[in-house]
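What follows draws every value from the coordinates through simple rules; no lab data is involved. Just so it is clear, the structure is predicted and the values come from calculations on it, not from any experiment. Cβ coordinates were reconstructed from backbone atoms using ideal geometry, including for glycine residues, and neighbour counts include every protein chain displayed.
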């Protein structure tokens with residue numbers, strides 16, 4: 001889906017919205033970031049943002065509801081931004097579900113087991129790839145089509 005009517009402001013904000021799930025993917029990448037210091041340097045600005053939002057009580061919940069009510073449910077905001085905000089929220093909800101699943105599996109396998117580390121690294125890399133893909137597509141002014149998430153996002157904002 002191409003949107004020739006998206007302006008630079010919509011494209012920029014559409015890409016910035018994906019910082020929300022990108023920042024909250026960092027807890028899954030702790031093992032990977034400690035093993036590869038150059039990768040940590042790349043993500044250090046996001047680590048700083050994560051530290052600030054983690055120090056504020058209910059910051060992620062406030063951001064979640066802020067995006068939900070100010071962007072997704074606001075008909076005055078362009079469809080492009082509402083779609084990207086809803087898709088970013090859905091990515092974050094998936095991260096929360098994976099976090100709950102890992103909370104159940106980690107004691108069973110051990111927090112430092114190969115299975116736990118592989119799962120958390122996979123969740124981290126999948127979140128990073130999805131967020132960067134969506135950011136690039138937003139900057140291009142196009143809708144990022146993620147399997148199942150894009151359909152769910154568009155059905156929520158119609």
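Observations on the structure shown:
- Residue-averaged 222 nm ellipticity for the chain, from DSSP H runs of 4+ at -39500 (n - 2.57), nearest 500: -23500 deg cm²/dmol
- Computed from Cα positions, the angle between helix 79-109 and the longest principal axis of the chain comes to roughly 10 degrees.
- Relative packing of 120-128, 20-28, which averages over residues the other C-beta atoms within 10 Å, highest first: 20-28, 120-128
- Mean separation of Cα contacts under 8 Å (6+ apart) over length of the range 49-158, as relative contact order %: 27
- Compactness of the range 75-148 was expressed as the Cα radius of gyration divided by 2.2 N^0.38 Å, which yields 1.37.
- Taken over the chain, the alpha-carbon convex hull comes to 120 cubic angstrom per residue.
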